[in-house]
Amino acid sequence: MTLFAAIRLPQEILFGKGQRHALPHIAAKLGKRALLCTDERFAATPVFADIVKALEAASITVLIHDGVQPDVPIETVSVCVEEARTFHPDMVIGIGGGSCLDMAKCAALLLSHGGQLKDYYGEYKVPGPTLPIIAVPTTAGTGSEVTPVAVISDSERTLKVGISSPYLIATTAICDPELTMTCPPGLTAVAGADALTHAIEAFTAARRGTDPLLAQNHVFIGKSALTDHFALLAIKLLGRSLERACKNGSDEDARADVMMGALAAGCAFGTAGTAAAHAIQYPAGALTHTAHGLGVATMMPYVMNYNRSVSAAEMAEIGTALGLDNANGSDEELAVAAIEEIRRLFATIGITRTLADLGLAADKLDWTAEQAFGIDRLIKNNPRSFDLDAMKRLVRAAYEGDLVASAN
C-alpha cells in the first residue's frame, strides 16, 4: 500500500457570507480579553467598528493594535507585544490581510514564550502551544488563516524570514467573503494569483516518502493525497472565478470562489509546502520591492515549464481542474495547455510577464539565482532537481520572457 497523506489545519474553519458574526461566540469560548491586530485602514471602517462592538457586547474586553504594516517589520511586533503585555490577553485575533494574521501569530508567540522573534526563525523552533489565535482574513490570497507560517521582515536580513511551526496554526479561521468585497482589482489580482501559485506548487511538490518521522521533523513535507485534494479544489475555483472577481468586485459568487480557493490553497501548501517560484521570489522581491504575490505569479509559468518533464501527469490534472478540454490529447499536450492558460489568466489580470517587467536589474540575475538556490526548504520541495547552473538558466529565461528556454 503506497497511499500516504498528512494535513495540519485549525480546529475549526468557518466559511461563508456573514460568518464574521460568529466571532463573539467563538472568542467567548476562549476567554474574556482579546488582543485584536489589524491595520490602520481596516480599523477605520464601519465593519471593524461593528466587530469590536459585537465583541464588547459579548463581555469581551478588547485591546486594539491597529499598527500592522505590510510584510510585518520585526520592530513593529515588539511594539504590539509591549502594548499587550500588561493587558494579559486570553487570545489574539488577527483581522485583515496576511500581514495582520502574521502579526497575530507573532504576538501570540512572544506573549506565550518570550524571547525575540529571531529565536524562532526556521522550522519547529516554537517550544509549545501559544495563546489561541483567531484568524479573520479580509483578503483572499496568503492562506495564513490556516497555515503554520508567519512571515516577517528583518532589517538585518536582505530576504524576508519565516517562522514555521504547527503551534502557529490558528485555533479558528473565519472566512467571510463579504469582507473581501471592497478589495480593489489590483489587490484582488495579486492576492488571487498568490493563492493559485500556492495551489500549483503544492500539487506539483515533490513526493517525499512515507517515513513516520517525516512530519515530525519537517513542517513542509511534500505532496500527499489530502493536500492534493485541497490544491485541486483551489485551482478549480480560482481558475473559474479569479478573472471575474478582478473585473467585477461586486460579483458575490466570484468573491466566494476566490476566497474559498485561497483557503483551500492554504490548506494544501500549509503541509505540502511551496517550491522554486517562491524561492526565486524572495530575492527578486527583496531587490524590486514588489508584492510577494506578483513575484511568485510572474515566475509560475516558467517554473511549471521547467518542471513539466517530470510532472506532466500532475500538470494535466491541473489543466482538467482549469476546465480545459483535452479528450483526445496526451498528458503532455494538456500540461502545455495548462501552462498557457495560467499565462493567459495572469496576463489578463495584470501580472507582470517577466522578471525584467518586475523591475529586476540584469546585473542581479546571478545573485538572485544564487540566493534562490540556497533556500533549501523550498528547492528540495521542487519536483525537478536543481543545480546552480539550472537555476541561473531558469532565472534568465524568466527575465527574458523565454518560456521555451525555461524547460532547459
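The values are calculated or read from the model by the stated rules, or taken from the named source; none is laboratory data. All values derive from a computational prediction rather than experimental measurement. Please note: Cβ atoms are built from the backbone with ideal geometry, for glycine as well, and neighbour counts cover all protein chains shown. The area values use the complete protein model at the heavy-atom level, side chains included, leaving out ligands, DNA and RNA. Shrake-Rupley method; radii C 1.70, N 1.55, O 1.52, S 1.80 Å.
Structure summary
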{"quantity": "Contact order relative to length of region 212-274, as percent, for alpha carbon pairs under 8 angstrom and 6 or more apart", "calculated": "49"}
{"quantity": "Reference-scaled alpha-carbon Rg (2.2 N^0.38 Å with N residues) for region 79-138", "calculated": "1.08"}
{"quantity": "Mean projected area in nm² (Cα convex hull; one quarter of hull surface) for region 181-229", "calculated": "4.6"}
{"quantity": "Part-to-part distance (alpha-carbon centres) for region 279-304 and region 89-163, which is given in Å", "calculated": "22"}
{"quantity": "Debye intensity ratio in log₁₀ form over the Cα atoms of region 180-263, taken at each q of 0.15, 0.20, 0.24 Å⁻¹", "calculated": "-0.57, -0.81, -1.01"}
{"quantity": "Top of Leu388, Leu110, Leu378 by mean-square fluctuation, Gaussian network on the chain, Cα under 10 Å", "calculated": "Leu388"}
{"quantity": "Antiparallel content of DSSP bridges confined to the chain, in %, to 5", "calculated": "20"}
{"quantity": "Cα coordinate range in region 39-181, projected on the principal axes (Å, largest first)", "calculated": "38, 32, 24"}
{"quantity": "Nitroxide proxy distance, nm - points 7 Å out along Cα→Cβ at Ala313 and Ala58", "calculated": "4.6"}
{"quantity": "Spatially proximal lysines relative to Lys247 (Cα-Cα < 22 Å; intrachain offsets below 8 disregarded)", "calculated": "Lys17, Lys236"}
{"quantity": "Loop GluC sites (Glu not before Pro), region 121-172 (other Cβ atoms within 10 Å of the site Cβ: 11 or fewer; DSSP)", "calculated": "Glu156"}
{"quantity": "As computed over region 1-67, the Cα convex hull volume per residue (Å³)", "calculated": "139"}
{"quantity": "Residues in region 245-265 reached by a label modelled at Lys17 [backbone nitrogen below 12 Å; 7 Å Cα→Cβ]", "calculated": "251-257"}
{"quantity": "Lys/Arg +1, Asp/Glu -1 at C-beta; the chain dipole; positive extreme among Thr138, Ala58, Gly266", "calculated": "Ala58"}
{"quantity": "Alpha carbon centroid spacing (whole Å) that separates region 61-80 from region 225-248", "calculated": "31"}
{"quantity": "Two-decimal log10 I(q)/I(0) for region 329-408, as the Debye equation yields it once each C-alpha is a single scatterer, q = 0.13, 0.20, 0.27 Å⁻¹", "calculated": "-0.48, -1.05, -1.26"}
{"quantity": "Selected from Ala313, Ala245, Ala189 as most flexible by GNM, with the chain as the system and alpha-carbon contacts under 10 Å", "calculated": "Ala313"}
{"quantity": "Size of the chain as Cα extents on the principal axes (Å, biggest first)", "calculated": "61, 49, 43"}
{"quantity": "Per-residue [θ]222 nm for the chain (sum of -39500 (n - 2.57) over DSSP H runs n ≥ 4, rounded to 500)", "calculated": "-16000 deg cm²/dmol"}
{"quantity": "Per-residue HN-Hα couplings for region 385-391 [Karplus 6.51, -1.76, 1.60; θ = phi - 60°; Hz; x = Gly/Pro]", "calculated": "5, 10, 10, 4, 5, 5, 5"}
{"quantity": "Calculated log₁₀ intensity ratio I(q)/I(0) where the Debye formula runs over C-alpha points of region 225-381, q = 0.15, 0.16 Å⁻¹", "calculated": "-0.87, -0.99"}
{"quantity": "Extension gain, Asp50 back to His88 (0.36 nm per residue minus Cα-Cα distance, nm)", "calculated": "11.3 nm"}
{"quantity": "Protein-only accessible surface order, largest first, of His88, His198 at 1.4 Å", "calculated": "His88, His198"}
{"quantity": "Anisotropy class of region 301-362 from Cα gyration tensor, a/c 1.5 cut", "calculated": "oblate"}
{"quantity": "Förster-model FRET efficiency, 41 Å R0, Glu75 and Ser330, C-beta, rounded to 0.05", "calculated": "0.15"}
{"quantity": "Kirkwood hydrodynamic radius over Cα pairs of region 98-215, then Stokes diffusion coefficient at 37 °C and 0.692 mPa s, in µm²/s", "calculated": "209"}
{"quantity": "Fraction of beta bridges assigned by DSSP in region 5-162 that are antiparallel (%, nearest 5)", "calculated": "10"}
